[in-house]
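Enquirer: Sharing a structure, written as structure tokens. Questions coming.
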Amino acid sequence: MTKTRQDLAWQELEIGATLITPGNSCEYKSGDWRSIRPVVDNKKCVRCGTCYIFCPDAAIHETEEGFFEADLYYCKGCGICANECPTQAIEMVEEEE
Ligand code: SF4
Ligand code: SF4
């Protein structure tokens, strides 16, 4: 029977314990690491796209209305978007249990 990664002992895991193959980072739900998340106040947003540019995880996308929001599947809650937003439209809020 073939072992899956969940069956492996820690000594058998790859260095870094992460299976890395080209282009597979989208398979990892990095949003699970988050304890705070960004919330955009569209009344303050001037749709400049600065948050989109600065997000290190490319977790911000533009909505059909031209506003920006975080994809919580990938957002790690680093707060860089909130820090860089020129109008303070992004507030970092605690995740609920
Ligand atoms: S940086 Fe702030 S003002 Fe600019 S698009 Fe993002 S949320 Fe809106
Ligand atoms: S909190 Fe960090 S990871 Fe999440 S959307 Fe903002 S810049 Fe990107």
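Enquirer: If N is the number of residues in the stretch 29-89, what value comes out of its Cα radius of gyration divided by 2.2 N^0.38 Å?
Expert: Taking the Cα Rg and dividing by 2.2 N^0.38 Å, one obtains 1.02.
Enquirer: In nanometres, what is the gap between the two model label sites at V93 and K43, each 7 Å from Cα along Cα-to-Cβ?
Expert: For V93 paired with K43, the spin-label model returns 1.4 nm.
Enquirer: Then there is this: Nothing charged except the Cβ atoms of Lys and Arg (+1) and of Asp and Glu (-1): what's the magnitude of the dipole of the stretch 28-94 about its Cα centre? Round to the nearest 20 debye.
Expert: 140
Enquirer: Any idea of the accessible area per residue across the stretch 28-94, 1.4 Å probe, to the nearest Å²?
Expert: 65
Enquirer: When only DSSP loop residues count, what GluC sites (Glu not before Pro) in the stretch 39-71 have their Cβ near at most 14 other Cβ atoms within 10 Å?
Expert: E64, E65
Enquirer: Ordered by residue, what ³J(HN,Hα) values in Hz, to whole numbers, does the stretch 77-86 give under the Karplus form 6.51 cos²θ - 1.76 cosθ + 1.60, where θ = phi - 60° and Gly and Pro are x?
Expert: x, 6, x, 4, 4, 5, 5, 8, 4, x
The values are calculated or read from the model by the stated rules, or taken from the named source; none is laboratory data. Remember, it's a predicted structure, so these values are computed and weren't measured experimentally. Glycine gets a Cβ as well: all are built from the backbone with ideal geometry, and neighbour counts include every protein chain shown. These area figures cover heavy atoms from the full protein model, side chains too; ligands, DNA and RNA do not enter into them. Shrake-Rupley method; radii C 1.70, N 1.55, O 1.52, S 1.80 Å.
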